[in-house]
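The numbers here are math on the coordinates, done by the rules we state, and not lab data. Quick caveat, the model's predicted, so the values are computed rather than measured. Virtual Cβ from ideal backbone geometry, glycine too; neighbours counted across all protein chains shown.
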Amino acid sequence: MDTVQKVPEELCISCGMCQGVCPLSCIDMIRNKQGQYIPQINRDICVNCGKCFSICPGKGINLQEIYKTIYEKEMVDVFHGNYHAVINCAAKDKEVLKKATSGGVVTTLVEKLLQDEKYQIAFLVDTYNYEQQISVKAYQKGDVFTNTFKSRYIPVSQAAMVRFCIENPNEKVIIVGTGCIVESFCKLVIENKLNRKNYFIIGLFCNSVLNYNSWEYFARMLKEPLKELRYREKSDSRHYFYGTICLEGNKGRRKVINPGKKMLVKPYLTMEKCIYCFDRLNVLADISVGDNNTKSGDGSSCSVIIRTEIGRQIMKHYEALFDCLDTVLERVSKSQQIKLVKQQYRFAKVYSLNKKMDILCGMNDCGNEKVSTSDLNELDKRLRRHKFGSDIKNLTKLFYWMQIKWILVEVINYRRKLTKWFKNKIR
Ligand SMILES: Cc1cc2nc3c(=O)[nH]c(=O)nc-3n(C[C@H](O)[C@H](O)[C@H](O)COP(=O)(O)OP(=O)(O)OC[C@H]3O[C@@H](n4cnc5c(N)ncnc54)[C@H](O)[C@@H]3O)c2cc1C
Ligand code: SF4
Ligand code: SF4
Ligand code: SF4
C-alpha cells in the first residue's frame with residue numbers, strides 16, 4: 001500500500017497535516033535534498049486507513065466542493081472567494097505594529113480572542129530558527145507573544161494543531177495558516193465530522209514558500225552559524241516597503257539585508273507545489289489577511305477580506321483596536337496580481353494533463369482559463385529555475401550567481417538614478 005506516497009514528492013508542501021491526522025502516529029517527516037520535509041510511513045504500523053491521503057493539500061483539494069459542503073453555498077469565483085467586506089487596517093497598538101509583519105491584525109486578534117476567552121487555544125509559530133522543521137505551538141490566555149510576530153516564508157508543520165483538534169473536538173481553536181493549510185483543515189473538519197463553528201480560521205494571503213535550503217542559503221551571508229532569520233524586520237528597516245531581512249548569528253554577529261535579495265532568489269528556492277497554487281487569497285478562511293499592497297507606504301497595514309459571518313462579527317467586535325478604511329475587492333485583487341494566480345491555475349492544468357494526476361480535483365474550468373504557448377514557456381522557465389535552485393548541490397553556484405546578479409541590479413539602479421539626476425540638472 002502507498003497512501004501519502006501516492007502524492008508525488010514534488011507536490012508535497014511539507015505541511016505535516018498527514019502526520020497530525022495519522023491515528024497510529026506512524027509518520028515521520030524526513031528532510032530531502034530539495035529542502036522539503038517529506039512524510040515517511042512506518043509500514044509495520046500503518047493500517048492503510050487512507051486518512052493521511054484524504055486531507056493532503058499537495059494532491060489538490062476541490063475548493064468549490066469543500067466550500068459548498070461547509071458553508072452550504074456556491075463559491076462564485078474560486079480566485080477571490082465569497083466575502084462580506086474588504087478593509088485595509090492596522091493595529092492601533094504601536095508596539096504590535098512595530099514588531100508585526102504588516103498591520104498586526106493577526107497578533108492583535110489572536111491575543112484579544114484568547115484574553116476574552118472566546119477561544120481557548122491558538123496555534124502559532126514562535127521561532128525564527130529554521131535549522132529543523134518549524135512546527136506550530138499552542139498559545140493560551142496569559143501567554144506572552146514575543147516570537148510569534150512576522151511571516152516565515154517556509155512551510156510550517158501543523159501536525160500539533162491537527163492532533164489537538166481531533167483529540168479535543170469541543171475546544172474552540174484559532175487556526176492561522178496559508179491557503180493549503182486551510183484547505184486541508186476544512187477537509188479534516190468534514191472527514192472527522194468536527195464542528196466548523198469551533199474554529200476561527202485566519203487565512204494568510206500567500207504566493208509561495210521557500211524550501212528549507214533557504215536557511216543555508218542565507219546563512220552564507222553571515223560569517224558565523226545562523227541562529228535567527230527574520231523577514232520583515234522593521235526596527236532598522238531602511239525605508240524598504242517590506243522591511244529588511246535580519247540575520248543573527250550564534251556569536252552575536254548581526255546583518256541586515258535588502259529584501260530584494262530574497263525576491264531575486266525566490267524563483268530558485270520556491271517549493272514546486274506553489275507554482276501550481278491558485279489560492280492566493282485563502283478563499284476558505286473566516287478572514288483572509290495580507291499585506292496592504294494597494295498603497296505604497298511603509299508596509300504597516302493589512303488588507304483584510306472578511307468572508308464569513310463569524311469573521312464579520314469578530315472584526316466588528318474588535319474594530320476599536322484598529323485604524324480601518326473600507327476598500328474594494330478589485331483593488332486588493334489587482335495589488336495581489338490575481339492575473340498571475342490565474343496563470344498558476346493554468347500551470348496546474350498542464351501538470352494534471354502531463355502527469356495524468358488531477359491536481360485540480362475535477363474543479364470546473366474556472367473562468368475558461370485556456371493554456372497558451374506563453375504559459376507553457378513561462379512554466380518551463382519556472383520549473384528550470386526551481387530544479388536548479390532546489391538541488392542542494394547547486395547552492396554554492398546559486399549563491400555566487402545571485403551575488404553577481406545583485407551587483408548588476410545595483411549598477412542598473414545607480415545608472416537610472418544618475419540619469420534622472422542629470423536630466424533634472426539640465427532642466
Ligand atoms: C508563507 C507566507 C506567504 C505570504 N504571502 C503573501 C503575499 O503574497 N501577499 C500578501 O499580501 N501577504 C502574504 N502573506 C501574509 C503577510 O505576510 C502577513 O502574514 C499578513 O499580512 C498578516 O500580517 P500581520 O501583521 O497581521 O501578522 P503578524 O501580526 O506579524 O502575525 C503573523 C502570524 O503569522 C503566523 N505565521 C508566520 N509564518 C507562518 C507560516 N509560514 N505558516 C503559518 N503561520 C505563520 C505567526 O504565527 C503569526 O501569528 C504571506 C504570509 C506567509 C506566512
Ligand atoms: S499532507 Fe502535507 S506533508 Fe503530508 S504528503 Fe501531503 S503535502 Fe506532504
Ligand atoms: S494510511 Fe492511515 S495508518 Fe497509514 S500512515 Fe496514513 S493515516 Fe497513518
Ligand atoms: S503558495 Fe499555495 S501551496 Fe504554496 S504555501 Fe502558499 S498556499 Fe500553500
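Observations, loosely collected:
- Each of Lys393, Lys92, Lys255 has some number of other Cβ atoms within 10 Å of its Cβ, and from fewest to most they run Lys393, Lys92, Lys255.
- Cut-off 15 Å between beta-carbons: net charge of the residues surrounding Gly81, Lys and Arg +1, Asp and Glu -1: -2
- For Lys393, the aspartates and glutamates whose Cα comes closer than 20 Å to its Cα, not counting residues fewer than 8 places off in the same chain, are Glu9, Glu10, Glu131, Glu216, Glu272.
- Mean separation of Cα contacts under 8 Å (6+ apart) over length of the chain, as relative contact order %: 20
- Residue exposure sequence - Glu410, Glu111 - by fewest surrounding Cβ within 10 Å: Glu410, Glu111
- Euclidean distance of C-alpha centroids, the range 136-173 and the range 205-234, integer Å: 22
- Only Lys, Arg, Asp and Glu carry charge here, each on its Cβ (+1 for the first two, -1 for the last two); on that basis the range 298-427 has a dipole of about 1020 debye about its Cα centre.
- Once the C-beta distance of Asn368 and Leu340 is scaled by a Förster radius of 25 Å, the resulting FRET efficiency is 0.90 to the nearest 0.05.
- Shape category assigned to the range 92-172 from the gyration tensor of Cα positions, a/c cut at 1.5: oblate
- Helix-only mean residue ellipticity at 222 nm for the chain, each DSSP H run of n ≥ 4 adding -39500 (n - 2.57), per residue, nearest 500: -11500 deg cm²/dmol
- Taking other residues whose beta carbon is less than 13 angstrom from the beta carbon of Val21, and scoring Lys, Arg as +1 and Asp, Glu as -1, yields +1.
- Across Gly260, Gly203, Gly142, mean-square fluctuation computed from a Gaussian network of the chain (C-alpha pairs under 10 Å connected) peaks at Gly142.
- Values of log10 I(q)/I(0) for the range 128-238 across q = 0.14, 0.15, 0.19, 0.24 Å⁻¹ run -0.69, -0.77, -1.10, -1.47, by the Debye formula with one identical scatterer at each alpha carbon and no solvent.
- Note, ³J(HN,Hα) from phi for the range 280-287, Karplus 6.51, -1.76, 1.60, rounded to Hz, x at Gly and Pro: 4, 8, 6, 6, 9, 6, 6, 9
- The chain: most fluctuating residue of Asn82, Asn198, Asn413 per GNM, C-alpha cutoff 10 Å: Asn413
- Cross-link table Lys251/Lys405; Lys234/Lys405; Lys59/Lys387; Lys33/Lys99; Lys141/Lys295, entries beyond 23 Å C-alpha to C-alpha: Lys251/Lys405; Lys234/Lys405; Lys33/Lys99; Lys141/Lys295
- Sequence of Ser54, Ser301, Ser288, Ser372 once ranked by neighbouring C-beta atoms within 10 Å, starting from the fewest: Ser372, Ser54, Ser301, Ser288
- Above-threshold pairs, the threshold being 18 Å between Cα atoms, out of Lys334/Lys417; Lys98/Lys261; Lys150/Lys223; Lys118/Lys172; Lys334/Lys381; Lys118/Lys197: Lys334/Lys417; Lys98/Lys261; Lys150/Lys223; Lys334/Lys381
- Unit Cα scatterers, Debye sum, the chain: log10 I(q)/I(0) for q = 0.06, 0.10, 0.11 Å⁻¹: -0.24, -0.70, -0.86
- The range 263-320-the range 351-383 distance, computed between alpha-carbon centres (Å): 24
- Using θ = phi - 60° and Karplus 6.51 cos²θ - 1.76 cosθ + 1.60, couplings along the range 156-170 (whole Hz; Gly, Pro as x): 10, 6, 9, 4, 5, 5, 4, 4, 4, 5, 5, 6, 10, x, 9
- Backbone amide hydrogens, once placed in the peptide plane, bring Lys227 within less than 5 Å of Glu248, Gly249, Asn250, excluding anything fewer than 5 places away on its chain.
- Mean separation of Cα pairs under 8 Å and 6 or more residues apart, divided by the residue count, gives the range 153-282 a relative contact order of 25 percent.
- Backbone geometry of the range 132-140 corresponds, through the Karplus equation with coefficients 6.51, -1.76 and 1.60 at θ = phi - 60°, to 3J(HN,Hα) couplings of 10, 5, 7, 10, 6, 10, 7, 10, 10 Hz, x marking Gly and Pro.
- Among Asn211, Asn88, Asn192, the largest mean-square fluctuation in a Gaussian network model of the chain (Cα springs under 10 Å) belongs to Asn192.
- All Cα pairs of the range 33-102, percent lying beyond 18 Å: 68
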